[in-house]
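J.: Quick one: the structure is below, questions incoming.
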């Protein structure tokens with residue numbers, strides 16, 4: 001009965017990400033490696049925030065604090081990944097088709113952001129997606145009574161794109177030591193995450 | 001939850017080969033269909049779905065077909081059909097979805113179900129007690145014998161077959177009220193939206209009944225089991241032998257009742273009153289100053305199981321007394337550890353000592369509750385004896401014994417013969433039978449074998465019925481006491497000896513309102529924490545009698561004990577085998593006791609175990625061949641559901657977003673490539 005919902009949510013949440021992956025990332029082995037390794041870094045950031053959440057007991061009952069810890073941890077690992085990439089950047093240039101292209105670095109920060117976003121969307125939404133195949137829904141009453149599964153699918157999709165954008169801006173910030181860019185990413189990331197936590 | 005699929009990848013992959021993206025897609029799919037953590041998935045599940053504990057209508061079969069309900073996974077939007085106006089507007093409505101009708105008990109009739117089915121919009125029915133109970137409701141058959149309908153309110157609803165699930169939300173305990181509240185709340189929410197504004201509350205049902213076609217088919221396929229339990233026969237006499245030539249008096253009652261929803265069977269008037277009266281008679285007789293073991297006649301208390309299903313208990317007992325032959329003493333195919341006979345496989349054969357020719361008569365206490373739901377205990381009731389032979393002195397003795405009692409028991413006028421009862425199996429074979437009932441003609445109980453017979457259980461007040469039932473038990477005990485000693489109908493009774501009405505009240509309360517009463521909890525391994533247990537027979541097996549049979553047999557063992565250890569001589573941690581207690585005793589109410597109380601297998605006489613085939617088969621389609629289907633789960637849950645239109649919009653949005661991304665990607669690549677070329 002709700003195979004419809006399942007495919008609707010699947011395409012909404014992951015459609016754009018799949019298009020980006022198959023249409024862009026997967027065509028280049030270097031970019032694939034970069035995106036998968038950045039996804040791994042995102043998982044490490046999740047591990048760190050989970051550890052903090054586990055150790056600091058008062059956090060467990062406070063959603064806003066959990067969100068803050070999560071955002072800080074992700075931004076930390078975004079920077080760590082940048083450090084790694086900046087060391088390996090010249091090596092990647094060697095195997096690149098256009099070793100001197102000015103687009104090389106932005107491209108790499110873009111696919112790294114994609115890896116971040118993809119890992120994020122898979123981990124946060126897959127359980128809900130599996131549930132969306134059942135007949136029942138949780139209703140988001142503040143949102144015109146639409147299904148929480150579908151609302152989350154839209155947010156998942158948007159967060160994938162946001163992560164790409166944040167990564168491009170943040171990496172540029174790290175590279176040029178333009179701290180307002182880095183701060184902008186951190187603040188908007190926190191703002192977006194806080195806004196989403198309101199519907200939970 | 002999606003099933004987990006196992007994926008196998010073929011061949012090796014290299015990053016540059018075309019199979020690399022497809023491998024990643026495969027990985028992604030494996031990720032998608034696998035919930036990351038079961039606990040989180042459970043949490044989501046309980047957020048979306050509220051599982052409720054409802055009583056299902058299940059499927060039974062006999063030699064010629066099926067009755068009850070089938071379910072192939074129904075679901076639908078909850079829709080209240082409280083009145084005939086609701087029904088009319090549902091029929092006239094233009095909604096196109098599937099609906100689950102929530103109907104009060106008073107509306108559960110064949111015609112309502114048929115009308116709902118004909119709309120093509122009904123997927124299932126949930127029954128609630130409703131505010132107004134029907135004045136009569138008996139889903140049992142009219143029980144016509146020679147054109148006379150004993151049960152004129154019988155609609156035969158229980159004997160029809162439905163291809164939709166029908167579940168009942170019923171207050172069997174105070175805790176179960178939450179199920180009804182949840183349903184009422186959900187259906188009120190939908191009603192307020194005019195059944196038009198999604199999301200709405202919906203429900204889905206498990207309950208696929210495995211058994212198909214008829215008893216013979218399902219027994220062969222192993223998808224059903226014989227309906228049955230164990231009958232109990234008991235006596236004060238330690239030993240009964242065919243050669244002792246003592247006449248035998250049978251005192252009978254039924255151990256079970258039926259209802260449309262088996263889990264809700266109670267049968268307060270249908271069988272409980274008669275059963276409790278027989279138990280009270282046994283208890284009084286055991287206290288007789290003259291030991292019943294010295295009486296000129298044996299008294300046998302027989303309580304028959306599965307009586308609602310072709311009189312399985314009484315028919316099999318009567319037949320085994322007459323014709324039982326043990327073909328083989330021990331048989332490997334008989335699963336019993338202690339085989340009294342291997343083929344047929346039975347645990348005891350002492351019933352063979354009850355010689356058919358020695359049975360003088362059978363006295364059955366059937367529907368003897370009096371009016372249901374009185375405001376105060378009734379006074380001056382007249383009950384009736386129906387006899388199989390005019391010459392029986394039992395009826396006139398009962399009339400004499402009850403002449404000054406609260407309930408006078410007089411012979412019924414008319415020529416309709418015996419009412420449908422356990423005695424039929426005996427009367428048909430020449431044993432004079434007398435049935436004591438509250439009706440002179442047709443049943444006055446308008447809830448015969450219905451879930452309303454005894455409802456509402458939670459507020460059941462046993463004191464309202466105790467004087468009536470106790471009065472019948474008292475007259476019966478006095479009659480038997482005189483008859484068993486060959487004394488005349490007005491012989492003086494022992495001073496102060498009578499039936500104990502507290503026993504009657506306590507057992508009525510245990511059977512209907514609170515099964516966790518001291519009388520039950522004092523019996524080892526009895527049900528704990530249950531308030532209301534079903535009086536439906538259940539399915540037969542070698543080892544487990546149903547809860548009613550189990551507690552009755554244990555209580556009778558304690559009451560009729562011929563061998564007793566000291567009171568308090570045993571408990572759960574100190575069994576009767578220790579502490580120098582008499583051997584062969586069991587610990588009941590913390591005392592080691594032994595008595596002549598025996599189980600007798602009760603399942604349809606048309607069914608027999610085929611030792612060569614290794615399963616039950618139908619040997620006589622004309623006799624009782626009832627079997628119950630097996631099923632895996634009868635889960636019921638409610639949840640919020642969106643409309644198909646909204647689901648379509650979700651797919652459209654997903655597709656649009658994906659296609660737009662593809663187009664954007666294509667356009668961007670082209671633009672970048674052009675710029676690069678220009679550069």
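J.: Do we have any residue at all in the stretch B:482-489 that's outside any helix (DSSP H, G or I) and buried (at least 19 other Cβ atoms within 10 Å of the Cβ)?
T.: Among the residues of the stretch B:482-489, not one is outside any helix (DSSP H, G or I) and buried (at least 19 other Cβ atoms within 10 Å of the Cβ), which makes the answer no.
J.: Out of B:658, B:605, B:625, B:645, which single residue is at pLDDT 90 or above, within 14 Å of chain A (Cβ to nearest Cβ) and not in a strand (DSSP E or B)?
T.: B:658 is the lone residue from the list that is at pLDDT 90 or above, within 14 Å of chain A (Cβ to nearest Cβ) and not in a strand (DSSP E or B).
J.: Could you tell me which of the residues B:630, B:637 is more than 9 Å from chain A (Cβ to nearest Cβ), under 38 Å from the mean Cα position of the chain (by Cα), modelled with pLDDT of 90 or more and surrounded by fewer than 23 Cβ atoms within 10 Å (Cβ to Cβ)?
T.: After ruling out the rest, the residue left standing is B:630.
J.: Can you report the number of residues in the stretch B:179-198 which are in contact (Cβ under 8 Å) with a residue 24 or more places away in the chain and either surrounded by fewer than 19 Cβ atoms within 10 Å (Cβ to Cβ) or not in a loop (DSSP other than H, G, I, E, B) (or both)?
T.: 11
J.: Kindly indicate whether any position in the stretch B:545-560 is free of Cβ contacts under 8 Å to residues at least 24 places away in the same chain and either buried (at least 18 other Cβ atoms within 10 Å of the Cβ) or assigned by TED's automatic domain parsing to the domain that holds residue B:232 (or both).
T.: No, every residue in the stretch B:545-560 fails to be free of Cβ contacts under 8 Å to residues at least 24 places away in the same chain and either buried (at least 18 other Cβ atoms within 10 Å of the Cβ) or assigned by TED's automatic domain parsing to the domain that holds residue B:232 (or both).
J.: Looking at the stretch A:1-108, what helices (runs of 4 or more DSSP H) fall wholly within it and have at least 2 residues that are closer than 26 Å to residue A:151 by Cα, touching a residue at least 24 places away in the same chain (Cβ under 8 Å) and over 17 Å from the mean Cα position of the chain (by Cα)?
T.: Where helices (runs of 4 or more DSSP H) fall fully within the stretch A:1-108 and carry at least 2 residues being closer than 26 Å to residue A:151 by Cα, touching a residue at least 24 places away in the same chain (Cβ under 8 Å) and over 17 Å from the mean Cα position of the chain (by Cα), they are A:3-23, A:63-95.
J.: Right, something else. Could you check how many residues of the stretch B:185-199 are touching a strand residue (DSSP E or B) at 6+ places or on another chain (Cβ under 6 Å), more than 18 Å from residue B:92 (Cα to Cα) and away from chain A (no Cβ under 14 Å)?
T.: Total satisfying the criteria: 1.
J.: Now a separate question. Could you tell me which residue of the stretch B:499-514 is modelled with the highest pLDDT, considering only residues that are part of a loop (DSSP other than H, G, I, E, B) and surrounded by fewer than 24 Cβ atoms within 10 Å (Cβ to Cβ)?
T.: Checked the stretch B:499-514; the qualifying residue modelled with the highest pLDDT is B:500.
J.: May I pose another question? Tell me which residues, restricted to the stretch B:162-178, are over 18 Å from the mean Cα position of the chain (by Cα) and outside any loop (DSSP other than H, G, I, E, B).
T.: B:162, B:177, B:178 - these are the residues of the stretch B:162-178 that are over 18 Å from the mean Cα position of the chain (by Cα) and outside any loop (DSSP other than H, G, I, E, B).
J.: I'd like the full set of residues that are away from chain B (no Cβ under 12 Å) and farther than 30 Å from residue A:50 by Cα, limited to the stretch A:105-130.
T.: A:105
J.: Assess whether residue B:468 counts as being in contact (Cβ under 8 Å) with a residue 24 or more places away in the chain and in a helix (DSSP H, G or I).
T.: Answer is yes for this residue.
J.: Within the group B:269, B:256, B:244, B:214, which residue is more than 14 Å from the chain's Cα centre (by Cα) and crowded, with 24+ Cβ neighbours inside 10 Å?
T.: Criteria check complete, one pass: B:269.
J.: Only one residue in A:182, A:169, A:111, A:187 is surrounded by fewer than 16 Cβ atoms within 10 Å (Cβ to Cβ) and more than 30 Å from residue B:205 (Cα to Cα). Which one?
T.: The conditions single out A:187.
The values are calculated or read from the model by the stated rules, or taken from the named source; none is laboratory data. Please read these numbers as outputs of a predicted model, since none were measured by experiment. All Cβ positions, glycine included, derive from the backbone under ideal geometry; neighbour counts span all protein chains shown.
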